[in-house]
Amino acid sequence: MRCRQCGTEIADKALVCYRCGAATTDPVYKPAPLTPRARRGGSLVATVLALVLLVLLGLYMGRLSTAGVPRSVTYMVVAGAVLIVGLRAYARRR
């Protein structure tokens with residue numbers, strides 16, 4: 001049998017041409033068409049809620065006695081958490 005794409009002689013039972021990689025038969029199933037992703041407002045609401053809760057947690061922890069942990073460390077940890085949540089939200093929107 002000959003390849004329909006390049007004309008190379010291939011085996012009768014071959015599924016693809018060894019030279020060009022073209023299929024020897026038509027596909028049985030057609031792939032599903034790609035549809036644009038719908039905007040999900042729920043994930044944005046969850047992200048905003050998580051950011052608000054992290055800020056409130058930071059304010060609350062700033063008022064507690066931290067037993068020797070400097071206040072700047074607490075703020076840096078909360079700021080890092082806010083940054084991570086914000087970056088994840090930004091990556092999901094793209």
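Things worth noting here:
- Inter-probe distance in nm under a simple model that places probes 7 Å from Cα toward Cβ, at Tyr60 and Tyr18: 6.9 nm
- Sequence ranges 23-33, 73-83, 4-14, ranked by mean other-Cβ count within 10 angstrom, highest first: 73-83, 4-14, 23-33
- Net +/- balance of residues flanking Arg2 in space, Cβ distance below 15 Å, scoring K and R +1, D and E -1: +1
- Count Lys and Arg as plus one, Asp and Glu as minus one, and take only other residues whose Cβ is under 15 Å from that of Arg19; the net charge is then +1.
Where a number appears in this text, it was derived from the coordinates with a stated rule and is not lab data. The structure presented is a predicted model; accordingly, all values stated were derived computationally and were not measured. We place every Cβ from the backbone using ideal geometry, glycine too, and count neighbours over all the protein chains shown.
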